[in-house]
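All remarks here apply to the structure that follows.
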Amino acid sequence: MEPEIKYMKAALREARKAEKLEEVPIGCVIVQNDKIIARGYNRRNTDKNTLSHAELTAIKKASKKTGDWRLEDCVMYVTLEPCQMCAGAIVQSRMKKVVIGTMNPKAGCAGSVMNLLQVAAFNHQVEIERGVLEEECSDMLSEFFRRLREKKKQQKMMAKP
């Protein structure tokens, strides 16, 4: 199995942990020397914290594991294109590369809305690979939001007298 597939499957397993908490299913792993050194998944609602994104959790764990804030020899695998906050943290961490499952046309900052990972004026640019297990990553998100809309619709109908 190709490393990109293997590690994106690991990120998808993290996303399923978020889904079990009824969080938007986004998962992330960070790899160094062909070994997963950190994992993260979305927990914003659970933690009631804007910062509880999969990428930020994984970066924090990777920095603790390596004993350094610089993650220059690491690759991040994430199921959904990073937002502006996460993209900024990825650049700041000096991450070598980010492998993305599916793009986020409404809030993605690795090429969709803008590309903060490769701003020439910044002192670090991140290599990007897009579309790894794209259909699986996209389907997981689409199904989650479909169920959420259905649940809200049912709640609305039950609230009517």
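The values are calculated or read from the model by the stated rules, or taken from the named source; none is laboratory data. Computed from a prediction, not measured in an experiment: that's the story for all the values here. Glycine also receives a Cβ, built like all others from the backbone with ideal geometry; neighbour counts cover every protein chain displayed. To get the accessible areas, we keep the full protein, side chains included, count just its heavy atoms, and leave off ligands, DNA and RNA. Shrake-Rupley method; radii C 1.70, N 1.55, O 1.52, S 1.80 Å.
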*State the Cα centre-to-centre distance between region 97-161 and region 1-45 in whole Å.*
14 Å
*Rounded to the nearest 20 Debye, what is the dipole magnitude of region 47-161 about its Cα centre when Lys and Arg each give +1 and Asp and Glu each give -1 at the C-beta?*
780 debye
_Global geometry of region 5-53, whether rounded, prolate or oblate, following the gyration tensor of its Cα atoms and the 1.5 cut on a/c_ = oblate
*Counting helices only, and only those DSSP H runs with n ≥ 4, report the 222 nm mean residue ellipticity of the chain as the sum of -39,500 (n - 2.57) divided by its residues, in deg cm²/dmol to the nearest 500.*
-14000 deg cm²/dmol
*Of all accessible heavy-atom area on the chain, the percent that carbon and sulfur account for (1.4 Å)*: 51 percent
*Rounded, prolate or oblate: which fits region 1-146 when a ≥ b ≥ c are the square roots of the eigenvalues of the alpha-carbon gyration tensor, with rounded for a/c under 1.5 and prolate only if a/b beats b/c?*
rounded
*May I ask you to give the solvent-accessible area per residue for the chain, in square angstrom, as obtained with a 1.4 angstrom probe?*
57 Å²
_Cα-based shape type of region 40-121, given that a ≥ b ≥ c are square roots of the gyration tensor eigenvalues and the cut on a/c is 1.5_ = oblate
